[in-house]
Amino acid sequence: STPAEARLKRLLHRFILAAQAHHAALEALDAERAETQARILAGLHESLVNSGEQGPGELLKLVGSHDPVVAGMAAVYSLHRDSGTCLAALRRVAQEPGLLGFRAGIAVERWESGEWTG
């Protein structure tokens, strides 16, 4: 694989780990750690977007992840790219128990109300 492909793979792997760490921090009610992971996710998303057309496309593929934590986070970051696919994924995640499902439901509501423009 090319250096660009290897870098993209690393970015996606780090996005998965950061999504899981962010969720774990939220579940542990560790606001500081959750905020740190949220910043890491935002930075990784920016790197993926800036890595050419392939980056956002590969991130969108994570929306289909079997891990609802990863699928939900990838969906949130890919909503502007493919809202239909991402909203369907967020609705699936919204069926999950606890904070994960609750947050996915809120994301869907915010998007559908037009409140979410970022």
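The values are calculated or read from the model by the stated rules, or taken from the named source; none is laboratory data. Computed from a predicted model, the values in this text were never measured in an experiment. Note: ideal-geometry Cβ built from the backbone for every residue, glycine included; neighbour counts use all protein chains shown. Accessible surface areas use protein heavy atoms only, side chains included; no ligands, DNA or RNA. Shrake-Rupley method; radii C 1.70, N 1.55, O 1.52, S 1.80 Å.
Which pairs do you get when a residue that is closer than 19 Å to His22 by Cβ, found in the range 76-105, comes within reach of a residue that is charged (D, E, K, R) and surrounded by fewer than 16 Cβ atoms within 10 Å (Cβ to Cβ), reach meaning Cβ atoms under 7 angstrom, with the pair 6+ apart or on two chains?
Going by the 7 Å Cβ cut-off, the qualifying pairs are Leu99/Glu27.
Listed here are the residues, each with its yes/no results for (1) assigned to a helix (DSSP H, G or I); (2) open to solvent by 70 Å² or more (accessible area, probe 1.4 Å); (3) not aromatic (Phe, Trp, Tyr).
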site	(1), (2), (3)
Phe15	yes, no, no
Ala21	yes, no, yes
Leu26	yes, no, yes
Leu29	no, yes, yes
Ala34	yes, no, yes
Ala38	yes, no, yes
Ala42	yes, no, yes
Glu46	yes, yes, yes
